[in-house]
Each structure stands twice: as C-alpha cells, then as structure tokens.
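K.L.:
Below: one structure in structure tokens.
The values are calculated or read from the model by the stated rules, or taken from the named source; none is laboratory data. Being a predicted model, the structure only gives us computed values, none of them experimental. Cβ coordinates were reconstructed from backbone atoms using ideal geometry, including for glycine residues, and neighbour counts include every protein chain displayed. When the accessible area is computed, the model is the full protein with side chains, heavy atoms only, and any ligands, DNA or RNA have been set aside. Shrake-Rupley method; radii C 1.70, N 1.55, O 1.52, S 1.80 Å.
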Amino acid sequence: MSEWRRPLEIADHEMREFISELSMIEREKQYLLPSFHLAQEIFGWVPPVAVEKIADFLRVPLSEVYATLTAYSELRIAPDEKDYWFICTGVACEMKGAQNIVQQLADADEFKVRDIDCQFLCSLAPVCVDDSGGLHGRVEVSELISGIRESQTGGE
Amino acid sequence: MSPRHVILETLQGGYHGGAESRLMIHEGTCGTATNVRQEVERVGLIEVCEENDVEVVYGSCDGNCWAAPSATLRHENDASEFVEKRFSRLDELIRVEDFGVLLNGMQRGQGFVDGKSGLLDRLGRLDGSLEHAVWLGAYSNVDQILRGSKSDALQRIEDWKLTGRGGAHFPTALKWRLASGNEGPRYLVVNAEEGEPGVFKDRHLLEGDPHRLLEGILICCFVVGIEKVFIYVNGQARAAFNSLSKAVEQAKAAGLLGPEFLPNGLRVDIELRQGAGGYVCGEESVILNSIEGARPVPRFKPPFATDEGLWGRPTVINNAETLAAVTTLWQDEPPPTKLVSLSGNVARPGVYEVPADGTLSWAGLLLQAGGEPGSTPAILLGGPSGVFVIPERYDEKIKMSEVGAGGLVALAPDSSIRSVVQALTKYNLRESCGECTPCREGTLRLDALLSVDTVDFDKVTSLVEVMSEASLCMLGGMAGRPVLSAIEDFPTIWKGKA
C-alpha cells in the first residue's frame, strides 16, 4: 500500500499519448480491460491518474474500475521494480532444477532474481524471463549469471 | 462463378509456390527463446542457402519444440509433392558441400517424413501470408461447407462426435444447435486464454496457423448465424496475439469476412481481446464478464451461455482448438484428434496430436516423444486440476475425456510427487479469485492440510468433497483432483516429513 501511495512522476508526453490513444477507444464499459492494457503499455503500469481518466472517459464508477483493475494479476498498480530476472517454476521447469537455479542465484546475493509461475515454454525447461520480458529456454546457471551480470551492471 | 470462388482463386493465383527449395526457420516463441536467428547465422545455414538457391523464410515453431532452435528444408514440385529435412537443435556447423549432397538426395525423394496430419498439418510450414495459407488448403473446407446446408454441416460435426477441446468435452454440435435455436443477435467467444500451467498447444496453433482458427470461426458463424466474434487471447501469449491480429487483417482485406464470401449477406466482425492473467480467466463465464468490462469472476449457471451469454444474448463459447478441429472434419478420412502439450521427462517435448478414437496408449505416446515408460513414475494430466496416470495404466488407450485441456507432464524417477501436488495446491490457492467461499477458504485449508508431516486423508477427502460440490466454478471444483489422485495412487508418500 505504501508503494501505491508514493508520489510518482508521470512524464507529460506519456500522459498526452495515453489521452490521445484513449480518446480513440469507444466510450463503453466493455473497453475497460483494453484501456488498462493501453495504460500499462504506455506507462509500464496503471497509475492512479490513468485510472481516473479511464473511469471518466468510459463513464464507469471509480470504485468499479479499481475493483476490476485489481482483479487481474498481470496488471500492475505500482511501477515494476526494475532489473529483475525471473525463473519459471512450473512443473516441467521444477523437474529440471528451477528451484535449485533460484537458490544458487539468491545465494550469490548480487542478483535480482525471483521465481515466477509457468511461462508456457515447458518444452524448453528450465526457462527464465529476462529483465525486459524476453523468454530464454534451456538455461544454465553459468550462462544466466553472465547474462544477468551483463544486464544488471552493464549499463552503469 | 460465385464471388466466393473468385476470392479464393484470386488468393491462390496470387501465390506462385515460392521458391522450389525453401528453408523455413522456425522462429515463434520457441525459436526466439533459443536465439534461432543468431544460430542459423552461426552454423552457416544462411550462407549455404544463398549458395544453393534456397529461399530463406521465417515461420513459427512446428510443434517440435524440443528441436528448437530448428529449421526445415523443404523441396516442393508443381504437384505440391514435397520432401523435407529438419535441422534440429542447430548445434553443428553446416557445410556447403554436405548441403548440396543433401539437396540432391532430397530431390530423389529420400526426405524426412514426420507423419504429421490434421490439425498440425500447416504448423511451421507457413510463411505468414494469406496466399501461402490458402495454397496449403486454408479456407477450402469452409468453401465446401458454404455450398451445402447448415444442417448438413451440423450433422457432419455430430457424426464425427466432435467435443470441446478445452477439457469439458461438451458436444460441439449440440452447443451450436442450442445457440442457434435462440433468437439473435448471437455471439461467438473463442477461448484462447489457455492459462493452465503446462499447456501450450493453443499458442502454437495460433502462432503457426491462425487461419485455421479463422476458418473454424467462419464455419461456426455460418451454421449458428453469428456476426460478432470475440477472440480472448491469453495476455502473455504476445506472439500468438500478434499472429492472429495479422491474420484477421489479412482475412478482412481479402473479403473473407464479408458478404461476398459468406452467403445470406452474413458479415463477420472479429474483435481480439487480450487477457491480463489469472488462471480463472480460462473459465467461460469469467471470459464473458471480462469482455463486458466487469470483474473477472465466474457467473452462476444456469443460465448457460447458449441461452444468456454476452450481454444476455445467446453465446457460443468454444475453445480455440475446438474451432480449429472443426476444419479437419471435411477431409476424406477426417482424423479427429486432440492436441496435447507434452513436457517433462521425455527426450522430445512438444505439441503432439493424439487420435480421439482411443487407438494410442500412454506408453505409445511416451515412446513417440522419446520417453521411457519404465522410468516414468507417473504422467501428470491437466496441471492444477489434473490427475496422475501411473505405470500400471500405461498400456491403456488414451481417452479424450481424461486428457482435460491437454497438458501432460511426464515425471522423472527422482520427482517428488508430494512436492508436485503441494506446488499445484499452492498454485490454486494463489489463483482463486475469492468470489466464492468454498474455493477461497478451501484452497487455503487444503494447502494447510497437506503441509503437515502426516496427512489426514479423511479431512482432505471431506474438504475436497465440499469444494467440488459447492464451488462456483471449476477452479475450486477441481482443485482437489490432483490431491485425491495422488492419495489414491501413492498412499505411502503422505506419512513422515512434509
């Protein structure tokens, strides 16, 4: 909750883009989910200011908009913590040692790594999702370490 | 000649079969995740293709996910005869000299044949253009159907006993008949949410052969009399969504969705909707709420969707694979098949087509995928709402009613069945939408009951009974299935340290 209340800067140009794209959507309640997707695509999450705009524009009560927004696990009501890599822990990945990979990386302490539910790439287990959402199949710990190290320290 | 034939002939005529020899690089989700673009460069395939006049095209995964990164060399003649050779797991450098020998060998008809049929026919063979899809048979069945009557089409579907491929196995013809008996306007909702862990066959179908789904949609719209279609695609399946969007645009531009192609002034409008997570979103009434802009929670049934679905109108809700399967029923010997996603302890995990008539055994499927029945302690069917198949049953034939949505995971000798079941229970707990108490509280308590050292079977069984009887939808209704199945088949693993 604290994160949610944190004041966050929204870039003007993103807001302008959002409003102009939103105005192309039909003003009907059925476009609530497409509007959330639009906001998340532009801002990377669905900020309160966008939620208010959506409620106004689609003429849906704010409370109902929030009730719907928060029911979807893939919609983010707070900006993502950046640079995280995810290790899939679906059944097939688990069998190929996903938990072990998570543990080894967590032990190294320098990486931002978390586990994540099935990514539907079970044939290529174990699977990881990189910090920009890209999927990688048949990952090995050594490869992962160099990949993550490169992406998490490369930019600095 | 009817305008419909003009459309199809124009489409076909616009395609000249491409180059005689083509290298199809299987990109798609599987290829991207294995860096296929870099790999084909690295092993020298692009270079040898250029030197041998082989056209290079990019397509989708062909269902042989295990082979990724992979590419298929296909040599075709005017009579549409072809030979193929797949380069699996591009881990060896490919030399120009060898390639030449290979091409010559193929021309003598010694190609690689993988025995694909039916639903997967065009998967991984299309270059993404509508013309190529039509060239390889897309829309030819709907063309044939439109020449006949609606009742003939329904009869055919009934005769071949096509049932819903989403897991519930409701007879498709009956569903269509129920909806068409109600006054319009009617809707069609295509369930391509596929959010069950371990299932990835719909994604492959939509990524690789989206026109097959569109053809199935047109057949349904014609038979039931529907003008508005929503395709609800899993939010994470970006590649499938993009491929489908492109296909819808292509079909629109070619006039396939309009009255020139469809009889009686029928015009089909297809709208794509992207889901946003939640296993429960695969439940049909949840999809209806989601499309309407309401909270994604299940509805009470009855009324059933065929009576009161989207905005209270009669609605057919079909799984994407069901509609795709409809298109296979008009072949001479239609093989109604079910797609399964097989992963885990097999050498060749991927998408497999299993005959619906029960002619393949569990052991047969395992062997086909390079698994060893002798060292597979169980097959998990249907993920978080599934059951286990134990070795004693491997010789039994696979029944459609058992495979659910089609997610199969072969377990390894060192797999802990108890941890698998606990992980699935925790998954159901996380994914419960909280709308009804039996599921919201039940999944929580089930997890707690399984977390103690020695599990109390009686308590588990009575809790599962309440959940399956009283939950609003199948998430809660079936959350206890893997637990009961594991208790029955592996009674000894529940005593001692959790």
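K.L.:
Taking the conditions exactly as written (open to solvent by less than 20 Å² (accessible area, probe 1.4 Å), modelled with pLDDT of 95 or more and away from chain A (no Cβ under 14 Å)), does B:ARG212 satisfy them or not? Outline the logic, then answer.
P.N.:
Values: open to solvent by less than 20 Å² (accessible area, probe 1.4 Å): yes; modelled with pLDDT of 95 or more: yes; away from chain A (no Cβ under 14 Å): yes.
So B:ARG212 fits the description; yes.
K.L.:
Any residue in segment A:46-54 that is assigned to a loop (DSSP other than H, G, I, E, B), in contact with a strand residue (DSSP E or B) (Cβ under 9 Å, 6 or more places away or on another chain), within 11 Å of chain B (Cβ to nearest Cβ) and open to solvent by less than 60 Å² (accessible area, probe 1.4 Å)? Spell out how you get there, then give the answer.
P.N.:
Here is the first cut: in segment A:46-54, the ones assigned to a loop (DSSP other than H, G, I, E, B) are A:46-47.
Filter again for in contact with a strand residue (DSSP E or B) (Cβ under 9 Å, 6 or more places away or on another chain), leaving none.
No: segment A:46-54 contains no residue that is assigned to a loop (DSSP other than H, G, I, E, B), in contact with a strand residue (DSSP E or B) (Cβ under 9 Å, 6 or more places away or on another chain), within 11 Å of chain B (Cβ to nearest Cβ) and open to solvent by less than 60 Å² (accessible area, probe 1.4 Å).
To keep it simple, each residue is scored yes or no on (1) under 16 Å from B:TYR427 (Cα atoms); (2) without any contact (Cβ under 8 Å) to a residue 12 or more places away in the chain; (3) more than 34 Å from the chain's Cα centre (by Cα).
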| site | (1), (2), (3) |
| --- | --- |
| B:LEU449 | yes, no, yes |
| B:ASP453 | no, no, yes |
| B:LYS459 | no, yes, yes |
| B:MET474 | yes, no, no |
| B:ALA479 | yes, no, no |
| B:PRO482 | yes, no, no |
| B:ILE487 | no, no, no |
| B:THR492 | no, yes, yes |
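K.L.:
How many of the residues making up segment B:111-123 are open to solvent by less than 10 Å² (accessible area, probe 1.4 Å) and either over 20 Å from the mean Cα position of the chain (by Cα) or at pLDDT 90 or above (or both)?
P.N.:
Of the residues in segment B:111-123, 1 are open to solvent by less than 10 Å² (accessible area, probe 1.4 Å) and either over 20 Å from the mean Cα position of the chain (by Cα) or at pLDDT 90 or above (or both).
K.L.:
Related question: In the set B:GLY258, B:GLY312, B:GLY293, which member is open to solvent by 20 Å² or more (accessible area, probe 1.4 Å) and in the same structural domain as B:THR172 (by TED's automatic domain parsing)? First the steps, then the outcome.
P.N.:
Working: B:GLY258 fails: open to solvent by 20 Å² or more (accessible area, probe 1.4 Å); B:GLY293 fails: open to solvent by 20 Å² or more (accessible area, probe 1.4 Å).
Unique residue meeting the criteria: B:GLY312.
K.L.:
Here's a follow-up. Could you list all residues from segment B:292-342 that are hydrophobic (A, V, I, L, M, F, W, C) and out of contact with any strand residue (DSSP E or B) (no Cβ under 7 Å at 6 or more places or on another chain)? Write out each step before concluding.
P.N.:
Looking only at segment B:292-342, we keep the residues that are hydrophobic (A, V, I, L, M, F, W, C), and these are B:294, B:297, B:300, B:304-305, B:310-311, B:316-317, B:320, B:323-326, B:329-330, B:339-340, B:342.
Correct list: B:ALA294, B:VAL297, B:PHE300, B:PHE304, B:TRP311, B:ALA324, B:ALA325, B:VAL326, B:LEU329, B:TRP330.
K.L.:
Are there any pairs, at least 6 apart or on different chains, whose C-beta atoms fall under 6 Å, with the first in segment B:417-434 and more than 10 Å from chain A (Cβ to nearest Cβ) and touching a residue at least 12 places away in the same chain (Cβ under 8 Å) and the second crowded, with 23+ Cβ neighbours inside 10 Å and part of a loop (DSSP other than H, G, I, E, B), and if so, which?
P.N.:
Matching pairs, first to second residue: B:ASN428/B:ALA479.
K.L.:
Among the residues of segment B:23-62, write down those that are within 28 Å of B:LYS201 (Cα to Cα), free of Cβ contacts under 8 Å to residues at least 60 places away in the same chain and in a strand (DSSP E or B).
P.N.:
Those that are within 28 Å of B:LYS201 (Cα to Cα), free of Cβ contacts under 8 Å to residues at least 60 places away in the same chain and in a strand (DSSP E or B): B:LEU23, B:ILE25, B:VAL56.
K.L.:
So which residues in segment B:286-314 are within 14 Å of chain A (Cβ to nearest Cβ) and within 15 Å of B:VAL190 (Cβ to Cβ)? If you could, list the steps in order and put the result at the bottom.
P.N.:
From segment B:286-314, those within 14 Å of chain A (Cβ to nearest Cβ) are B:286-298, B:309-313; that's our starting set.
Passing the criteria: B:VAL286, B:ILE287, B:LEU288, B:SER290, B:ILE291, B:GLY309, B:LEU310.
K.L.:
If a residue must be surrounded by 19 or more Cβ atoms within 10 Å (Cβ to Cβ) and in a helix (DSSP H, G or I), how many such residues does segment B:430-446 contain?
P.N.:
Of all residues in segment B:430-446, those surrounded by 19 or more Cβ atoms within 10 Å (Cβ to Cβ) come to B:431-433, B:435-436, B:438-439, B:442-443, B:446.
So of that shortlist, the ones also in a helix (DSSP H, G or I) come out as B:431, B:438-439, B:442-443, B:446.
The number of residues fulfilling the criteria is 6.
K.L.:
Just to be sure, is B:ALA405 outside the structural domain of B:PRO69 (by TED's automatic domain parsing), closer than 27 Å to B:ALA192 by Cβ, touching a residue at least 60 places away in the same chain (Cβ under 8 Å) and not in a helix (DSSP H, G or I)?
P.N.:
Numbers: outside the structural domain of B:PRO69 (by TED's automatic domain parsing): yes; closer than 27 Å to B:ALA192 by Cβ: yes; touching a residue at least 60 places away in the same chain (Cβ under 8 Å): yes; not in a helix (DSSP H, G or I): yes.
Yes, satisfied.
K.L.:
Name the single residue that is surrounded by the fewest Cβ atoms within 10 Å (Cβ to Cβ) among those in segment B:399-416 being more than 10 Å from chain A (Cβ to nearest Cβ) and touching a Leu at 6+ places or on another chain (Cβ under 7 Å).
P.N.:
Residues of segment B:399-416 that are more than 10 Å from chain A (Cβ to nearest Cβ), as a first pass: B:399-406, B:413.
Cutting the leftovers down to touching a Leu at 6+ places or on another chain (Cβ under 7 Å) gives us B:402-404, B:406.
Values: B:GLU402: 17, B:VAL403: 22, B:GLY404: 25, B:GLY406: 28.
Restricting to residues being more than 10 Å from chain A (Cβ to nearest Cβ) and touching a Leu at 6+ places or on another chain (Cβ under 7 Å), the top hit is B:GLU402.
K.L.:
Taking segment B:174-207 only, how many residues are within 14 Å of chain A (Cβ to nearest Cβ) and in a helix (DSSP H, G or I)?
P.N.:
7
K.L.:
Contact list please: Cβ distance under 8 Å, first residue in segment A:11-28 and more than 14 Å from every other protein chain (Cβ to nearest Cβ), second residue open to solvent by 80 Å² or more (accessible area, probe 1.4 Å), pairs at least six apart or on different chains.
P.N.:
Going by the 8 Å Cβ cut-off, the qualifying pairs are A:PHE18/A:LYS53; A:ILE19/A:LYS53; A:LEU22/A:LYS53.
K.L.:
Name the one entry in A:PHE36, A:PHE57, A:PHE43 that is farther than 30 Å from B:LYS426 by Cβ, within 14 Å of chain B (Cβ to nearest Cβ), of a type outside the set (Lys, Arg) and surrounded by 14 or more Cβ atoms within 10 Å (Cβ to Cβ). Walk me through it before giving the result.
P.N.:
Details: A:PHE36 fails: farther than 30 Å from B:LYS426 by Cβ; A:PHE43 fails: within 14 Å of chain B (Cβ to nearest Cβ).
The conditions single out A:PHE57.
K.L.:
I'd like to know if segment A:123-130 contains one or more residues that are closer than 29 Å to B:GLY198 by Cβ and either in the same structural domain as A:PHE18 (by TED's automatic domain parsing) or surrounded by fewer than 20 Cβ atoms within 10 Å (Cβ to Cβ) (or both).
P.N.:
So far as segment A:123-130 goes, yes, one or more of its residues are closer than 29 Å to B:GLY198 by Cβ and either in the same structural domain as A:PHE18 (by TED's automatic domain parsing) or surrounded by fewer than 20 Cβ atoms within 10 Å (Cβ to Cβ) (or both).
K.L.:
Only one of (1) hydrophobic (A, V, I, L, M, F, W, C); (2) open to solvent by less than 30 Å² (accessible area, probe 1.4 Å); (3) without any contact (Cβ under 8 Å) to a residue 40 or more places away in the chain fails for B:PHE170. Which number is that?
P.N.:
Going through the list (1) hydrophobic (A, V, I, L, M, F, W, C); (2) open to solvent by less than 30 Å² (accessible area, probe 1.4 Å); (3) without any contact (Cβ under 8 Å) to a residue 40 or more places away in the chain, B:PHE170 breaks only (2).
K.L.:
Any residue that is acidic (Asp, Glu) and in a helix (DSSP H, G or I) - is there at least one of those in segment A:55-66? Let's see the steps before the verdict.
P.N.:
Narrowing segment A:55-66 to residues acidic (Asp, Glu): A:56, A:64.
Those still in the list that are in a helix (DSSP H, G or I) too: A:56, A:64.
The answer is yes, given that some residue of segment A:55-66 is acidic (Asp, Glu) and in a helix (DSSP H, G or I).
K.L.:
Continuing with this model, one more query. Regarding A:ALA92, is this residue buried (at least 23 other Cβ atoms within 10 Å of the Cβ), in a helix (DSSP H, G or I) and not assigned by TED's automatic domain parsing to the domain that holds A:TRP45?
P.N.:
Details: buried (at least 23 other Cβ atoms within 10 Å of the Cβ): yes; in a helix (DSSP H, G or I): yes; not assigned by TED's automatic domain parsing to the domain that holds A:TRP45: yes.
So A:ALA92 passes the test.
K.L.:
For the subset of segment B:334-354 comprising residues that are away from chain A (no Cβ under 12 Å) and of a type in the set (Val, Ile, Thr), which member is nearest to B:CYS65 (Cα to Cα)? Walk me through it before giving the result.
P.N.:
Just the residues of segment B:334-354 that are away from chain A (no Cβ under 12 Å), to begin with: B:334-339, B:353-354.
Keeping just the survivors that are of a type in the set (Val, Ile, Thr) gives B:337, B:354.
Working: B:THR337: 19, B:VAL354: 17 Å.
Looking at the filtered set, the residue picked out is B:VAL354.
K.L.:
Does segment B:335-348 include one or more residues that are in contact with a Pro (Cβ under 6 Å, 6 or more places away or on another chain), open to solvent by 10 Å² or more (accessible area, probe 1.4 Å) and basic (Lys, Arg)?
P.N.:
No: segment B:335-348 contains no residue that is in contact with a Pro (Cβ under 6 Å, 6 or more places away or on another chain), open to solvent by 10 Å² or more (accessible area, probe 1.4 Å) and basic (Lys, Arg).
K.L.:
Of A:ILE87, A:ILE145, A:ILE77, A:ILE101, which residue is touching a Phe, Trp or Tyr at 6+ places or on another chain (Cβ under 7 Å) and either more than 10 Å from every other protein chain (Cβ to nearest Cβ) or outside any loop (DSSP other than H, G, I, E, B) (or both)? Don't jump to the end; show me each part of the working.
P.N.:
Details: A:ILE87 fails: touching a Phe, Trp or Tyr at 6+ places or on another chain (Cβ under 7 Å); A:ILE145 fails: touching a Phe, Trp or Tyr at 6+ places or on another chain (Cβ under 7 Å); A:ILE101 fails: touching a Phe, Trp or Tyr at 6+ places or on another chain (Cβ under 7 Å).
When all the criteria are applied, what remains is A:ILE77.
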